[in-house]
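The numbers here are math on the coordinates, done by the rules we state, and not lab data. All values reported here derive from a predicted model rather than from experimental measurement. Neighbour counts are summed over all protein chains in view; Cβ atoms, including those assigned to glycine, are modelled from backbone coordinates with ideal geometry.
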Amino acid sequence: MITTIILLLLISIITWFWLDTLKSRERAKLICKQTCRELKLQLLDDTIALVRMGLKRNNNGKLIIQRLYQFEFDDGNNQRQTGRVLMRGISLEMLEMPGFIQPM
């Protein structure tokens, strides 16, 4: 009985984590696409890659998962540039695109 409850709890936590990661990644990708479109740049390969993940506290002191994604974009001169987007949960924390947007 206890083993079943622990197993169900573990499966629930893994499922939540997986869905939260997908949601954060899709939100980060949408932010990158919109920013590139506004700056008349091209998001290359239409992908972003998870670089780092950790726990941080939000403004209310609650622990939340922070994820750092990396992406590549064309700077308009056929040069690949690397940008980074930092997400706290599904909220944008920082967007960096060298030569266009610097981190805050």
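Numbers at a glance
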item: Projected label distance in nm at ILE65 and VAL51, using a 7 Å step from Cα toward the beta-carbon; result: 1.9
item: Ratio of the Cα radius of gyration of the chain to 2.2 N^0.38 Å, where N counts its residues; result: 1.31
item: Where labels lie 7 Å past Cα in the beta-carbon direction, separation of ASP74 and ASN58 in nm; result: 3.7
item: Chain lengthening between LEU30 and MET94 when straightened (0.36 nm per residue, less Cα-Cα); result: 21.6 nm
item: Relative contact order [Cα under 8 Å, 6+ residues apart], the chain, whole percent; result: 20
item: Farthest toward positive dipole pole in the chain [+1 Lys/Arg, -1 Asp/Glu at C-beta], among LEU50, TYR69, PHE17; result: PHE17
item: Cα-based helix-to-principal-axis angle, 2-38 vs the chain, degrees rounded to 10; result: 10
item: Given 15 as the ceiling on other Cβ atoms within 10 Å, longest exposed-site-free region of the chain for trypsin sites (Lys or Arg not before Pro) in DSSP loops; result: 63-104
item: Label-point separation in nm, ILE6 to THR21, each point 7 Å along Cα→Cβ; result: 2.3
